[in-house]
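The structure appears right after this line, and notes come after that.
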Amino acid sequence: MKPPKPSENSEPDLAQELEEVEQWLRSLQERYHQVQRDQQQKAEWQEKLQQLQDNQDWTAEVKSEIQRIQQQLLMLETNLESQLFSWTSLKRPFWQIIRFGGLGVVIGWLLRSCVGE
């Protein structure tokens with residue numbers, strides 16, 4: 001049995017797919033580095049917040065600084081969570097669930113109609 005002849009279009013398709021994979025890998029690396037920077041910044045903010053809270057001399061300036069740090073921490077946590085879960089990362093599993101779940105319902109209906117209930 002002979003292997004199929006490659007068509008003229010297969011080489012550009014392969015090059016395009018490789019380019020898409022490289023772009024995806026670059027975006028994944030960028031996101032990874034951003035998460036690392038955010039986690040490092042979060043640790044620094046938490047350490048500073050702890051130092052301020054340990055200080056017994058709470059002036060209005062210290063209280064406002066504590067509130068500002070808490071807001072920054074909240075923004076960082078939200079940013080980290082949003083980077084981990086995005087629609088693009090959930091798109092494929094979502095459509096697979098829809099496809100196979102729908103297929104299961106159809107098969108169930110067919111089996112039920114065959115049984116005669």
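Once the mean 1/r over all distinct Cα pairs of region 11-84 is inverted, what Kirkwood radius in angstroms do you read off? Walk me through the numbers before you get to the answer.
Working: mean 1/r = 0.0670 Å⁻¹.
Result for region 11-84 stands at 14.9 Å.
Could you compute the FRET efficiency for D13 and V35, with r as their C-beta to C-beta distance and R0 at 35 Å, rounded to 0.05? Don't skip to the end; give the middle numbers.
Numbers: r = 33 Å, r/R0 = 0.94.
Using R0 = 35 Å, I get an efficiency of 0.60.
Scalar couplings 3J(HN,Hα) for region 42-47, obtained by applying the Karplus form with A = 6.51, B = -1.76, C = 1.60 to θ = phi - 60°, are 4, 4, 5, 5, 5, 5 Hz; x denotes Gly and Pro. The charge dipole of region 11-84, taken about the Cα centre with unit charges on the Cβ atoms of Lys, Arg (+1) and Asp, Glu (-1), comes to about 540 debye, rounded to the nearest 20. With both labels modelled 7 Å from their Cα along Cα-to-Cβ, the E65 to W109 distance reads 6.6 nm.
Laboratory data are not the source of any read-out in this text; all were calculated from the coordinates shown. Source: prediction; values computed, not measured. No Cβ is skipped: glycine too gets one built from the backbone with ideal geometry, and neighbour counts run over all protein chains shown.
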